[in-house]
Each structure stands twice: as structure tokens, then as C-alpha cells.
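Derivation of every value follows stated rules applied to the coordinates shown; laboratory data play no part. All of these numbers come straight from a predicted model, not from anything done at the bench. So basically every Cβ, Gly included, is an ideal-geometry build from the backbone, and we count neighbours across all protein chains shown.
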Amino acid sequence: MLEKRICGGSGLSLSVLGIGCWSFGGGSGDYWGPQDQGDVDAVVRTALDRGVNYFDTAEGYNGGRSEESLGRALQGRRHEAIIGSKISPTNTEPETLRRHCEASLRRLQTDVIDIYMVHWPIPAPGVPDAFAALQALQAEGKIRAIGVSNFGVAQMTEALATGARIGANQLCYNILSRAIEIEILPLCRERRVGVLGYMPLQQGILTGKYRSLDEAPPARLRTRHFRGDRPGSRHGQTGEEDLVLQILDGIRRIAERLGVPMGHVALAWTFHTPGITSVLAGIRNLAQLEDNLAAAALMLPPEIVAELDALSDPLKQRLGPNADYFAGEARRRTR
Ligand SMILES: NC(=O)c1ccc[n+]([C@@H]2O[C@H](COP(=O)([O-])OP(=O)(O)OC[C@H]3O[C@@H](n4cnc5c(N)ncnc54)[C@H](OP(=O)(O)O)[C@@H]3O)[C@@H](O)[C@H]2O)c1
């Protein structure tokens, strides 16, 4: 059975591998393209059978259809799952937040959201009211734990100062995206805030399924790892593509030595970082679920973890402590 870890001070026990549900309910105009509900049902039910209990969605994913799709797949088994959902930062004025939380509850066909996160930081003046509204929803039993997402040190400090107990901070984390190790993860550990790592496969790039970067869908190359002139990119930087390619090659060689697929090594590496509660992989079908479960069962020896750390450290230094991989220094939302 999959390992479970307690999520910060929330008391909730999450499987180390969680299911990212962003693609659920998707159609042709959405980020991930069409997503079959039959596949969603199979992924969710098999995941539960195999000890995965955390499912991550947001009101913003596919206009609410991700929540609807997850709610449908969990019918009859809601009690086995821990659901995380997120309120968009523009909807955090107290009355709006309450209405939106209730709409999420309806779409998810449940009466409580286990971890309800603020999806991206909100401007400081709105923070006390937003977190008071979240505490009110918690007191009424509509949400179990209050969470944040993409909050940096200053923003977490502000949120914690409201007196709200923050159970989780959801942040980008993978072997190419280690910014949180520099400042945010140490603070989360100190303040007993669980960390949910998103994008653990760098949107598929780390599985090794693309023979070159140009084969990957352009939308998956919008982060600061890649050239700023790629379509949809808005970070305005030159990117670190040579370094990324070197690291991908290094992971591939280590995986060959171990006799396992490269994606298994990349995913397994994320479980070794102290303070990470769960990593959320976007999983679209049973084959991907099985593959990622095999990765979760892979125990990397400490010397391999150290080798991988050393391999990706130059990129960590180059990309720095900004955990908003979509934006450059001037426009970063995470501070
Ligand atoms: N809080 C935030 O701001 C935030 C931001 C991003 C994501 N998230 C959360 O984190 C979750 C995961 O992030 P993500 O979906 O962006 O990135 P990801 O987990 O790194 O990548 C997921 C994609 O990789 C491909 N994939 C997954 N397993 C695979 C396998 N075994 N073999 C080959 N391909 C595989 C699938 O895409 P294809 O099949 O289409 O290739 C899948 O959609 C999201 O679903 C969401 O819940 C949160």
C-alpha cells in the first residue's frame, strides 16, 4: 500500500501520490484538451483501490467541470477520498468566497471540502477578510482545512498572522523546479504547513516521452525553464534550455543504470524531500496511473538521490528562489 503522510497541522493523512484533476471535465478548447469521463471514473476508482486518497481540483479548472467530473467519479466512494479544491484569487471577497465555495460543494456532490486553498496570492489588503471568511466556513464544517497555493514566505507570513491555521501550501515541485527548497519549504516545515507538490512531471516533459522539446505541446513550455519567445510564454527571460536538456539526459542515464523508466526516477525523487506531504500528478488514464504507481513504489537509494540533487542543482541556482515559474522577477505573483 502507498505511504501516507500527515498534512501539516491539519491532521489529514494523504497518500504520497495524489491525483491532479486539472484535465478532468476538459473539452477541445481547454488546456489539456478533451478528457473522457470513462477514463476519469476508472482512474479515480482504481486509485482508491490502490491506496491513493488525495484528489486535487479547483473551481478554475475547465470552468468548474473538473470538480463536476471528480464528483461524478467519486459517487458512492466519497468517504474514502480527501478532496482538495481551490478558490480563484479574484473570488476571495467574503460573500463571493462563500457563494463560490457552496458552488464547488454542489459540483463535487459533497457537503465538505477537505482542503480548501486560495489558488494564487491575493493583494495584502484583502487577506484578513478572506481568511476570516475561510475560518467561518471551517467553523460551519463546510471545509476541513484551510490551504493556500503559490504563497511565498511574505504571503504565508501574512496569512498565518490572521490567526487562521494553514494546513497546506500547494506549490510547483519537481527535479527541474526546486525553488521552494530555498525559502518556502523551510518555513512550511517550521510552521507545520503541509506541502503539496504540483507538476511533478513538468507536465509530461520528465517522462521522457518527447524526443525533443519541440515535440512537446507549446503550452507546456511556458515556464522559465524554456525560452521566453515560445508561444504563450510571458516570463520574458531567455530560459535555460541547454541546462534542462543536460539534466534530462542525466536522469535518462541514471534510469538506464537502474533499469527503470526515466519518469519513475523523476517522480520517485520528489518523495524524498523532507516536508513534502504529497505530490500531485495529472493522470488521464489507467496506463498513466499504473505507471505513476510503479514510480511511487520505487525506493531510490540515498546515493542516487544525492546524484540527482547534484545533477539538477545548477538549474536550481540559475532559476533562483522565485517559485512562480510562469513569471519573471517583475511580475512574479509568489513573494
Ligand atoms: N496550484 C496550482 O497553481 C497548480 C498549477 C498546476 C497544476 N496544479 C495541480 O497539479 C496537478 C498536476 O500538475 P500538471 O497536471 O500540470 O502536471 P504534471 O503532473 O507534471 O503532468 C501531467 C501530465 O503528464 C502526462 N503524464 C502523466 N503521467 C504520465 C505517464 N506516466 N506517462 C506519460 N505521460 C504522463 C499527462 O499528459 P498527457 O497525457 O496529456 O501527455 C498529464 O496530464 C494538476 O492536475 C493540478 O491538480 C496546481
>> Quick one: the Cα spread of the chain along its three principal axes, in angstroms, biggest first?
In response: 53, 43, 39
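Charges at C-beta only: +1 for Lys and Arg, -1 for Asp and Glu. How large is the resulting dipole of the range 4-331 about its Cα centre, in Debye rounded to 20?
Numbers: 35 positive and 37 negative charges, 62 e Å.
That gives a dipole near 300 debye.
Rounded if a/c is under 1.5, else prolate if a/b is larger than b/c, else oblate: which is the range 1-98, with a ≥ b ≥ c the root eigenvalues of its Cα gyration tensor?
Values: a/c = 2.06, a/b = 1.13, b/c = 1.83.
Oblate, because a/c is 1.5 or more while a/b does not exceed b/c.
Please report the relative contact order for the range 33-155, taking Cα pairs under 8 Å with a sequence separation of at least 6, and give it as a percent rounded to a whole number. All intermediate terms of the calculation are to be shown ahead of the outcome.
Details: 177 pairs, mean separation 28.3, N = 123.
Computed value for the range 33-155: 23 percent relative contact order.
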>> Taking every DSSP beta bridge with both residues inside the chain, roughly what % is antiparallel (nearest 5)?
In response: 10
>> If each residue of separation counts as 0.36 nm, what is the full-extension length gain between residue 139 and residue 95 once their alpha-carbon separation is subtracted?
In response: 14.3 nm
> Among 195, 70, 91, whose Cα lies farthest out toward the positive end of the dipole of the range 4-331, if unit charges sit on the beta carbon of Lys, Arg (+1) and Asp, Glu (-1)?
Replying inline: 70
> If we sort 145-157, 4-16 on the protection proxy, mean other Cβ atoms within 10 Å, highest first, what's the order?
Replying inline: 145-157, 4-16
> Around residue 114, which amide H atoms from residues at least 5 apart in sequence, or from another chain, sit under 5 Å from its own amide H, with H modelled in the peptide plane?
Replying inline: 83, 144
> Over the chain, what is the mean sequence separation of C-alpha contacts under 8 Å (at least six apart), divided by residue count, expressed as relative contact order in percent?
Replying inline: 19
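Under 8 Å for C-alpha pairs, at least 6 residues apart: give me the relative contact order for the range 213-290, rounded to a whole percent.
On the way: 58 pairs, mean separation 10.9, N = 78.
Worked out over the range 213-290, it gives 14 percent.
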> Sorted by mean Cβ packing within 10 Å, highest first, what order do the peptides 259-267, 228-236, 211-219 take?
Replying inline: 259-267, 228-236, 211-219
> How far is it, in nm, from the label point at residue 234 to the one at residue 257 when both lie 7 Å from their Cα along the line to the Cβ?
Replying inline: 4.1
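Treat the count of other C-beta atoms within 10 Å as a stand-in for reagent exposure and order 119, 79, 272 from fewest to most. Spell out each step's value before the answer.
Details: 119 22, 79 7, 272 15.
Ranking 119, 79, 272 by Cβ neighbours within 10 Å, fewest first, gives 79, 272, 119.
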>> With the crude spin-label approximation of a point 7 Å out along Cα→Cβ, what separation in nm comes out for residue 132 versus residue 317?
In response: 4.8
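Order these by the 10 Å Cβ neighbour count, fewest first: 67, 158, 303. Walk me through the numbers before you get to the answer.
Values: 67 30, 158 17, 303 8.
Exposure proxy ranking, most exposed first: 303, 158, 67.
How do 30-41, 188-199 rank on mean C-beta neighbours within 10 Å, highest first? Walk me through the numbers on the way to the answer.
Numbers: 30-41: 16.0, 188-199: 20.8.
Listed from highest to lowest mean packing, they are 188-199, 30-41.
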> Rounded, prolate or oblate: which fits the range 255-335, taking a ≥ b ≥ c as square roots of the Cα gyration tensor eigenvalues, rounded meaning a/c under 1.5, else prolate when a/b beats b/c?
Replying inline: oblate
> What's the center-to-center distance, using Cα atoms, between the range 207-274 and the range 151-206 in Å?
Replying inline: 21
